[in-house]
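The values are calculated or read from the model by the stated rules, or taken from the named source; none is laboratory data. Keep in mind that what you see is a predicted model, and the values were worked out from it rather than measured. In this analysis, Cβ positions are derived from the backbone assuming ideal geometry, glycine residues included, and neighbour counts consider all displayed protein chains. Each accessible area value is taken on the protein alone, full model and side chains, heavy atoms only, with ligands, DNA and RNA left out. Shrake-Rupley method; radii C 1.70, N 1.55, O 1.52, S 1.80 Å.
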Amino acid sequence: MRPEKNGGPESKVGQDILSLAIPLNPIAPGVPLEDVAELFLSPDYSNVLSLPVVDEGRPVGVISRYHFMDIYLKPYGRELHGRRPVSSFMGNSPLVVAHDQPLAEAALHVTQNMRFPLMEDFIITERGHYAGIGFVVDLLRAMELQMRAHSEELNDAYSRLKSSQLALVQSEKMASLGQMVAGIAHEINTPLGYVQNNVAMGQELFAQVQVMNSGYEALADSLLDGGASEEQVAAQLQHVTTLRSHVNPHEMLEAMQGLMADSLYGIGQISELVLNLKNFSRMDSVATEAVSLNDCIQSALNIGRNVLKDKVEVVKELGDLPKITCAPSQLNQVFLNLFTNAAQAMESNGHLIIRTWYEDDAVVVAVQDNGKGIPAENIARIFDPFFTTKPVGQGTGLGLAISHQIIQQHGGEISVESEVGIGTSFYVRLPVGNAAQRHDESSSNSALAMLRVA
Amino acid sequence: MNKPTLLLIDDEERILRSLRMLFFTGYEVHTTTDPQEALRIMRENQVHVIVSDQRMPLMQGSELLRIAREVSPATMRILLTGYSDMEASIASVNEGEVFRYLMKPWIGEEVKQVVAEAAVIAEATFAVQHAPAAVAAVPEKKPRVLIMDHDEETAQVVHEVLHDRCEIIWASDAQHAMEELAKQDISVVVSDLMLGDTNVGYILKTIKQINPQTQCIVVTSFNDTSRLVELINQAQISRYLPKPLSKSMLERNLEYMLERFNTLCSLPALQKRQTVAPISDPQEKQLSGNFASLLSRLRKVGV
């Protein structure tokens with residue numbers, strides 16, 4: 001095999017035609033048949049099927065061993081034809097392949113034109129001139145090698161694609177999670193702000209009250225202890241009076257009591273936010289469990305509150321749902337994706353209506369918004385990976401594709417109805433009964449599923 | 001001076017109660033969760049300092065502060081927010097023209113110090129306001145505008161906008177920019193955040209420390225909220241305009257800043273309104289120190 005550095009598309013893999021060439025001396029058209037017989041019998045030519053006939057450098061015909069025998073071995077064949085030139089017997093349309101023809105093309109030409117049983121080798125030409133012969137078997141073997149190399153390349157490309165797909169799915173998860181975490185972190189800052197301030201002020205007040213208390217205690221001690229002089233008592237009284245003029249403990253303590261109640265409330269808020277995060281991620285629970293989708297919806301709403309609260313009024317009409325066995329963290333992600341998409345589609349005065357019900361052994365979640373809607377030309381593509389109408393850098397185009405995949409893995413389906421200017425409704429339907437639990441599949445399979453979607 | 005008046009706005013009452021306590025001594029404190037009520041209080045009282053939350057359901061803090069600028073221009077404006085999105089930070093510069101952009105959770109002593117500083121400045125502004133209107137001095141020389149940007153397009157747009165009304169200097173590297181700044185006071189600096197490899201933050205911060213009347217317009221495609229907040233507090237940048245530059249937007253803002261420069265030159269008391277906070281980054285602090293001493297040396301030689 002001769003690797004080739006430059007040339008056509010074949011050069012990357014396997015051989016080219018020229019590397020298959022066997023430099024066999026051709027015969028001239030005038031060569032008598034008895035000389036041809038000699039050649040076919042000589043050991044040098046023992047493995048060739050045919051002899052090329054070349055006139056002035058150009059191939060003009062071919063005489064195959066089979067055809068030759070047919071003539072020569074007939075009774076008196078040798079005597080009748082031995083002295084006649086090969087040109088009278090040769091085939092006039094030899095299999096000719098140019099040296100620079102791509103392997104695949106050459107193989108196609110040869111297989112289409114060869115006769116069965118295989119009686120000829122093919123002739124290789126370089127700019128029309130004879131350059132050698134080639135064995136069909138070699139050509140087919142070269143072809144096979146090339147195809148194997150191609151398919152390895154394809155496999156390589158496929159696994160590269162697969163891993164980048166996984167990376168993208170991961171980055172979409174991280175992007176949406178990052179956004180949510182930033183939102184929650186900000187939301188924590190408000191209660192944290194006043195709790196911290198209140199505690200700091202409480203500490204300061206505590207110190208002041210302590211000073212004041214020791215003033216009072218000293219005064220009380222002096223009064224109880226008959227031995228204290230009048231001046232001493234007067235000085236201590238003066239001290240306490242001065243302290244009181246600086247701090248009004250009564251008023252301050254009362255205010256601080258309110259602030260302490262506020263602080264407890266704030267700590268409650270912070271705990272709730274942290275709990276929401278925990279519920280949403282489900283990091284500390286098993287991958288699959290039986291839950292009510294209503295809980296998933298509530299969890300996603302808690303996390304998405306940051307995006308929703310300023311501009312969207314959320315209406316919940318949640319029906320009684322049987323629990324389904326699923327991966328709650330994945331379904332949370334789906335619902336959060338649907339809610340935030342809806343919020344982004346609504347300018348102001350948005351209404352997000354979330355309904356759930358149970359029918360035909362399935363639970364259905366409808367997420368309806370009165371946003372700007374999805375144009376008809378886009379609606380078929382919204383579940384496609386990388387399809388996004390958001391400006392560059394603002395969406396990976398994977399949110400809905402991943403949601404679609406998650407729902408499919410749960411044996412369910414997700415569908416959409418939309419009208420421009422009116423709004424969009426997404427429907428998620430998940431089976432209750434057998435609830436095909438395929439979401440445990442490895443994530444590489446998930447990536448495969450996504451590729452199929454693409 | 002009497003107790004200065006402080007107005008606090010937040011949609012969370014607990015924040016208001018907490019801050020009220022913090023400023024209980026030393027201030028006349030008004031609090032409200034309603035932006036309209038806040039504006040009413042500003043109309044009816046001489047408010048020294050307004051401290052507003054950014055994210056509120058009825059009105060964004062930056063919007064409230066923009067209206068506050070019209071209702072009571074002397075009042076010092078401070079934003080106190082737990083949300084630091086880029087949009088809000090830009091609005092707080094361009095619309096709110098805030099004195100400080102503070103983050104929740106806050107440090108009591110810091111906020112107290114900032115508010116106290118702001119109250120003193122507001123008091124001085126009220127005094128100037130009540131004084132007979134000063135005649136805005138007609139500048140003798142052409143105002144000087146310094147462009148600090150590697151990008152030629154910025155220089156081109158500024159030229160197109162100002163023609164020959166101003167002396168326009170284009171510095172495409174930090175060294176050149178610092179030399180120009182040493183020569184003479186500049187009215188307006190139009191600067192990107194990066195000049196070649198140099199982060200010019202410290203240059204802007206230093207200029208503002210030395211020449212509070214110089215107005216800085218930052219033009220950039222760079223998006224980093226924490227750096228912007230730093231530039232608000234430590235360089236008191238006047239505008240933050242995104243690239244690619246809109247000619248009309250730049251024109252409007254350049255006019256406004258040239259005018260403000262004149263006002264500040266004729267009323268030095270107002271210069272305090274753009275007092276900068278100390279540089280926080282230790283490395284920048286050092287660079288700024290070097291630059292400042294270079295400036296003073298060069299100026300002595302130059303004059």
Only one residue in B:L58, B:L102 is within 16 Å of the chain's Cα centre (by Cα), touching a residue at least 12 places away in the same chain (Cβ under 8 Å), within 13 Å of another protein chain (Cβ to nearest Cβ) and open to solvent by 10 Å² or more (accessible area, probe 1.4 Å). Which one?
-> B:L102
Pairs only if they're at least six apart or on different chains, beta carbon under 9 angstrom, first in the stretch A:67-83 and under 11 Å from A:A37 (Cα atoms), second surrounded by 15 or more Cβ atoms within 10 Å (Cβ to Cβ) and of a type in the set (S, T, N, Q); list them, first residue then second.
-> A:F68/A:S50
Could you give every pair whose Cβ atoms fall below 6 Å, whose first residue belongs to the stretch B:188-215 and is more than 22 Å from B:V157 (Cα to Cα), and whose second residue is in a loop (DSSP other than H, G, I, E, B), counting only separations of at least 6 or pairs across chains?
-> B:K205/B:I279; B:I207/B:T214; B:K208/B:Q236; B:K208/B:V276; B:Q209/B:V276; B:N211/B:D185
A:S418 hydroxyl-bearing (S, T, Y), farther than 23 Å from A:C296 by Cα and either more than 23 Å from the chain's Cα centre (by Cα) or open to solvent by less than 40 Å² (accessible area, probe 1.4 Å) (or both) = yes
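Of all residues in the stretch A:350-375, which are open to solvent by 60 Å² or more (accessible area, probe 1.4 Å) and touching a residue at least 40 places away in the same chain (Cβ under 8 Å)?
A:Y358, A:D361, A:Q368, A:N370, A:K372 - these are the residues of the stretch A:350-375 that are open to solvent by 60 Å² or more (accessible area, probe 1.4 Å) and touching a residue at least 40 places away in the same chain (Cβ under 8 Å).
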Go through (1) among the polar types (S, T, N, Q); (2) more than 30 Å from A:L331 (Cβ to Cβ); (3) open to solvent by less than 70 Å² (accessible area, probe 1.4 Å) one by one and return the number of the condition A:S245 breaks.
-> (3)
For the subset of the stretch B:61-98 comprising residues that are among the hydrophobic types (A, V, I, L, M, F, W, C) and within 11 Å of another protein chain (Cβ to nearest Cβ), which member is nearest to A:N197 (Cα to Cα)?
-> B:L80
Give the number of residues within the stretch A:252-268 that are at the interface with chain B (Cβ under 9 Å from one of its Cβ atoms) and either open to solvent by 30 Å² or more (accessible area, probe 1.4 Å) or of a type in the set (G, A, S) (or both).
-> 6
Residue that is farther than 15 Å from B:L241 by Cα, of a type outside the set (D, E), in contact with a strand residue (DSSP E or B) (Cβ under 6 Å, 6 or more places away or on another chain) and open to solvent by 10 Å² or more (accessible area, probe 1.4 Å), where the choices are B:I210, B:I168 = B:I168
Search the stretch A:256-292 for residues being modelled with pLDDT of 90 or more and aliphatic (A, V, I, L, M), and hand back the single one that is nearest to the chain's Cα centre (by Cα).
-> A:I270
Which members of the stretch B:103-121 meet the condition of being assigned to a loop (DSSP other than H, G, I, E, B) and either more than 18 Å from B:D53 (Cβ to Cβ) or of a type outside the set (A, V, I, L, M, F, W, C) (or both)?
-> B:K104, B:P105
Within the stretch B:252-303, restricting attention to residues that are farther than 24 Å from B:I50 by Cα and of a type in the set (K, R), which residue is least open to solvent (accessible area, probe 1.4 Å)?
-> B:R299
Being assigned to a helix (DSSP H, G or I), among the hydrophobic types (A, V, I, L, M, F, W, C) and under 19 Å from the mean Cα position of the chain (by Cα) narrows B:L39, B:L65, B:L79 down to just B:L65
Is at least one residue of the stretch B:175-192 open to solvent by 70 Å² or more (accessible area, probe 1.4 Å) and part of a loop (DSSP other than H, G, I, E, B)?
-> no
Would you pick out the residues in the stretch B:1-27 that are within 12 Å of another protein chain (Cβ to nearest Cβ), aromatic (F, W, Y) and open to solvent by 10 Å² or more (accessible area, probe 1.4 Å)?
-> B:F24
Please determine, by comparing only the residues of the stretch A:382-407 that are in contact with a helix residue (DSSP H, G or I) (Cβ under 9 Å, 6 or more places away or on another chain) and of a type in the set (A, V, I, L, M), which one is modelled with the highest pLDDT.
-> A:I407
